[in-house]
Amino acid sequence: MPRIALALTEDFADWEPALLIAAARGYLGVDIVTASPDGAPVTSMGGLNVTPDMAYDALDPETIHALVIPGGLIWEKGAAPDFTDLVHRFRTQHRVVAGICAAASALAGTGVLNHVAHTGNSVDSHSRYESYQGAEHYRDQPQAVSDKGIITAPGSAPVTFATEVLKALDLWGPEAEAEITAFSAEHR
């Protein structure tokens with residue numbers, strides 16, 4: 001069974017990965033591990049206090065199949081960690097890497113979006129990163145985009161974000177579809 005690592009930051013957007021981790025763990029039996037930059041507790045934008053399982057450095061792409069990074073206020077505060085080394089460790093092992101909202105722009109800052117189709121809150125937010133050279137691959141759309149194991153989404157797309165991560169991990173089937181469909185019924 002695949003394992004998903006959730007790379008949390010202080011003030012992370014708790015709703016962005018919520019559907020993914022609830023469906024993956026609760027209905028599909030996926031192991032979810034949480035990490036923060038140094039393994040210390042973090043508090044979400046909504047006030048949830050999370051004590052992570054480990055620090056980012058302890059995340060092992062040999063045993064973890066997807067790295068998921070939610071957005072959050074830390075980027076607006078200019079205090080976000082640099083995800084470059086972590087993201088490249090996972091991509092070197094051909095693992096799924098997913099970022100939503102400001103974290104999609106953080107992926108732009110690592111250079112991994114330069115040659116794949118992707119989306120996010122805006123191409124302008126990606127372009128703030130000097131290493132981003134992938135504007136021609138940007139898709140201005142409200143749904144998540146998945147290409148070659150990299151998944152991006154605007155902050156308004158937690159449903160398609162969850163769907164694309166599950167698909168990339170070969171977890172998409174009748175049970176996953178039923179759960180995501182039920183949770184997203186109001187959007188039909």
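For segment 141-171, a tally of residues being over 18 Å from Leu67 (Cβ atoms) and in contact with a Ser or Thr (Cβ under 7 Å, 6 or more places away or on another chain) returns 5. Whether any residue in segment 49-65 is hydroxyl-bearing (Ser, Thr, Tyr), closer than 20 Å to Ala168 by Cα and exposed (fewer than 15 other Cβ atoms within 10 Å of the Cβ) is what I want to check. Yes; the residues of segment 49-65 include at least one that is hydroxyl-bearing (Ser, Thr, Tyr), closer than 20 Å to Ala168 by Cα and exposed (fewer than 15 other Cβ atoms within 10 Å of the Cβ).
Taking the stated definitions as given, is Ala23 over 14 Å from the mean Cα position of the chain (by Cα), among the hydrophobic types (A, V, I, L, M, F, W, C), crowded, with 22+ Cβ neighbours inside 10 Å and closer than 14 Å to Leu166 by Cβ? Answer is yes for this residue. Of the residues making up segment 73-92, just one is loosely packed, with under 15 Cβ neighbours inside 10 Å and within 16 Å of Ala58 (Cβ to Cβ), namely Asp85. Residues to consider are Asp140, Asp82; find the one that is free of Cβ contacts under 8 Å to residues at least 24 places away in the same chain, farther than 23 Å from Asp31 by Cα and either out of contact with any His (no Cβ under 9 Å at 6 or more places or on another chain) or not β-branched (Val, Ile, Thr) (or both). From the options Asp140, Asp82, the qualifying one is Asp140.
Of the residues in segment 50-60, none is in contact with a Lys or Arg (Cβ under 7 Å, 6 or more places away or on another chain) and among the β-branched types (Val, Ile, Thr). When Ala135, Ala108, Ala98 are checked against the criterion of being out of contact with any His (no Cβ under 9 Å at 6 or more places or on another chain) and of a type in the set (A, V, I, L, M, F, W, C), a single residue qualifies: Ala98. Gly109 fails exactly one of the following numbered conditions: (1) open to solvent by less than 20 Å² (accessible area, probe 1.4 Å); (2) in contact with a strand residue (DSSP E or B) (Cβ under 9 Å, 6 or more places away or on another chain). What is the number of that condition? Gly109 satisfies every listed condition except (2). Restricting attention to segment 152-165 and to residues that are in contact (Cβ under 8 Å) with a residue 24 or more places away in the chain and of a type in the set (Val, Ile, Thr), the residue that is nearest to Thr119 (Cα to Cα) turns out to be Thr152.
Looking at this structure, is Gly149 among the small types (Gly, Ala, Ser), buried (at least 23 other Cβ atoms within 10 Å of the Cβ) and touching a residue at least 12 places away in the same chain (Cβ under 8 Å)? So Gly149 does not fit the description; no. Looking at Ile32, is it open to solvent by less than 20 Å² (accessible area, probe 1.4 Å), among the aliphatic types (A, V, I, L, M), under 29 Å from Ala178 (Cβ atoms) and within 14 Å of the chain's Cα centre (by Cα)? Answer is no for this residue. Consider segment 24-49 and keep the residues that are of a type in the set (A, V, I, L, M, F, W, C) and touching a strand residue (DSSP E or B) at 6+ places or on another chain (Cβ under 7 Å). The one that is farthest from Gly72 (Cα to Cα) is Val30.
The values are calculated or read from the model by the stated rules, or taken from the named source; none is laboratory data. Quantities reported herein were computed from a predicted structural model and do not represent experimental measurements. Note that we place each Cβ from the backbone using ideal geometry, even for glycine, and neighbour counts take in every protein chain shown. The accessibility values were calculated without ligands, DNA or RNA, using every heavy atom of the protein model including side chains. Shrake-Rupley method; radii C 1.70, N 1.55, O 1.52, S 1.80 Å.
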